Amino acid sequence: MLKRFSNLNKGVQYMLIASFTFAIMGAFAKLASESMSSLEVVFFRNIAGVLIVGAAILKKPMQHVGGKPLLLLFRGFMGFVALLAFFYNIAHISLGDAMTYSKTSPIFTAIFAWLFLKEKLSLKAWLAVFVGFVGIVFITQPSGFGFTKYDWLGIFSGVGAALAYTSVRELKQFYDTRAIVLSFMGVGTIGPVLLFLISPYIHAPELDFMLGDFVMPHGIVWFYVIAMGLFATLSQVLMTKAYGETKAGIVGAVSYTNILFSILVGLMLGDALPSLMTSFGITLIVFAGIMVARDK
C-alpha cells in the first residue's frame, strides 16, 4: 500500500493527505460543537488562520495593485456565511453528508463563472451541472414538505463557497493571495464577535446557525479547538502544494476523496452509514465534480 502511494504523482499525494486531514478537521469541529455553538467553532477556526496569515505578512509584506475593496469584502462575507452553514451542518448531520454538500461548490462555481465572468461552458460541463443537481435531489430526498433546514444550509454552503471562489478569480489580478485569504479569515473572525454581541437580543430559533453565546472552552474542548485549527491550516497548505505540483483538473478530481474519508471518520464518531439513495446522490455529485474539474 505504501509503495503504491509513493509511486503516485506528488500533487495527487498532497491532495490525498489534504483530503484526509480536512476530514479530521471536520471531526474535531463536530466534537467541539458538542460544547459550543457552531458560530463559536467558526470563530476559533478563523482566528487561528488570521494569526498564521498575519505572521506570514509580517515576515514578508504584501505587494499588490489593489483597487477592489468591495469585491474583497464580498469574498470575505460569502466565505464567512458559507462557513457558518457548513459548520452548523457538521454539528447536526453526518460528517459525510455535510462534506458532500460543501463539495457541490465546483458545480455552482462553473455556473457563476459563466454568468459573471463570461467563461464558456462546454456541453460536457453543462451535463456535469445537470448530473450534480440530480445528485443533490437524491441526497435531500425532498418530500411534500420540501427541503429540510439542513438541506437548504447544505446547498447554501456550496453556493456561498462558489460565489467566494468566483470572486477570487477576479481578485487574483489585483491582490496578493494572502490578502484574499485574510479577507475571508478577517470577516470570519470579526463577524462572529458582532453576532455574539447581538445574539442575546434576538430570539429567532431558525437563525441559530448564525447566533450563539460565547462559552469559554475548558478541558478537552481546548484540544478539539486547537487541533481543528492545526488540521485546517495543514490541509490548506497541502492543497496549495497539490495545485502547484499537478494540473488543476487532476487535483480537483482527487479532492473528492474527502467525502470518502469524511464518511469513514464519521462512522468512527457514531454516524450512520449513508442510505442507498444518499449513496447514489453522493456518487452523482462526485462524478459531476470530477467532470467539471477535468473540463477545466
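Each value in this text was obtained by applying a stated rule to the coordinates, not by laboratory testing. Keep in mind the model is a prediction, meaning the values are calculated, not measured. Cβ atoms come from the backbone with ideal geometry, glycine included; neighbour counts cover every protein chain shown.
Below is a table of values for the structure above.
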{"item": "Across Lys30/Lys247; Lys124/Lys247; Lys103/Lys124; Lys59/Lys247; Lys60/Lys241; Lys30/Lys120, pairs whose alpha-carbon gap is larger than 28 Å", "result": "Lys30/Lys247; Lys59/Lys247; Lys30/Lys120"}
{"item": "Relative contact order %, the chain, counting alpha carbon pairs below 8 Å whose residues are six or more apart", "result": "42 percent"}
{"item": "Cβ-based exposure ranking for Lys103, Lys118, in which fewest neighbours within 10 Å come first", "result": "Lys118, Lys103"}
{"item": "Neighbour-count order for Tyr165, Tyr14, Tyr101, fewest beta carbons within 10 angstrom listed first", "result": "Tyr165, Tyr14, Tyr101"}
{"item": "Length-normalised contact order for segment 92-212 - Cα pairs under 8 Å, 6+ apart - percent", "result": "31 percent"}
{"item": "Among [x] 23.0, 75; [y] 18.7, 58; [z] 18.7, 63, the entry derived from the coordinates for Rg and Dmax of the Cα atoms in Å", "result": "[y]"}
{"item": "Under 17 Å from Lys118, Cα to Cα: lysines that are on another chain or at least 8 residues apart", "result": "Lys172, Lys296"}
{"item": "Sum of -39500 (n - 2.57) over DSSP H runs of 4+, divided by residues of the chain (222 nm, nearest 500)", "result": "-25000 deg cm²/dmol"}
